[in-house]
Amino acid sequence: MANHQSSIKRIRQTHKKSIHNKYYHKTARNAVRALRLVKDAASAATQLPLVASALNKKTKRNIIHKNKASNLKSS
């Protein structure tokens, strides 16, 4: 276990940020999964820009890697 005050604080912050990032990563994954399950082309066409925008926001905040986001958007 860490002995220094700064390392104890860093552990606390890292844990809090990892929980936050995990939540947003999971919501992005669920949005992509829901988009892939849609059968109607019109509905999928309206959902695609929203999902792409969400992936771009996650990329900008370093929750997912930029190549991962482009791979998901292109597929």
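As a test of the formula, what do you get for the chain when each DSSP H run with n ≥ 4 contributes -39,500 (n - 2.57) and the sum is divided by the residue count, at 222 nm and rounded to the nearest 500 deg cm²/dmol?
-28500 deg cm²/dmol
Is there a quick way to get the dipole size of the chain? I mean about its Cα centre, with the Cβ of Lys and Arg at +1 and of Asp and Glu at -1; what is the value in debye to the nearest 20?
340 debye
Carbon and sulfur atoms: what percent of the 1.4 Å accessible area of the chain do they account for?
57 percent
Calculate the all-directions average of the projected area of the chain's alpha-carbon convex hull, and give it in nm².
Directional mean of the projected Cα hull area for the chain stands at 5.9 nm².
Which of GLN47, ASN30, ASN3 sits farthest toward the positive end of the charge dipole of the chain, with +1 on the Cβ of Lys and Arg and -1 on the Cβ of Asp and Glu?
Looking along the dipole axis, the top candidate is ASN3.
What pairs in LYS9/LYS73; LYS9/LYS58; LYS17/LYS66; LYS17/LYS73 have C-alpha atoms more than 29 Å from each other?
Pairs exceeding the cut-off: LYS9/LYS73.
Given the options ILE63, ILE11, ILE19, state which has the largest fluctuation in a GNM of the chain using a 10 Å cut-off (strictly under) for Cα springs.
Result for the chain, Cα springs under 10 Å: ILE11 fluctuates most.
The values are calculated or read from the model by the stated rules, or taken from the named source; none is laboratory data. Keep in mind the model is a prediction, meaning the values are calculated, not measured. Counting neighbours? That spans all protein chains shown, and the Cβs are built from the backbone with ideal geometry, glycine included. Calculation scope for accessible area: heavy atoms of the full protein, side chains included, ligands and nucleic acids excluded. Shrake-Rupley method; radii C 1.70, N 1.55, O 1.52, S 1.80 Å.
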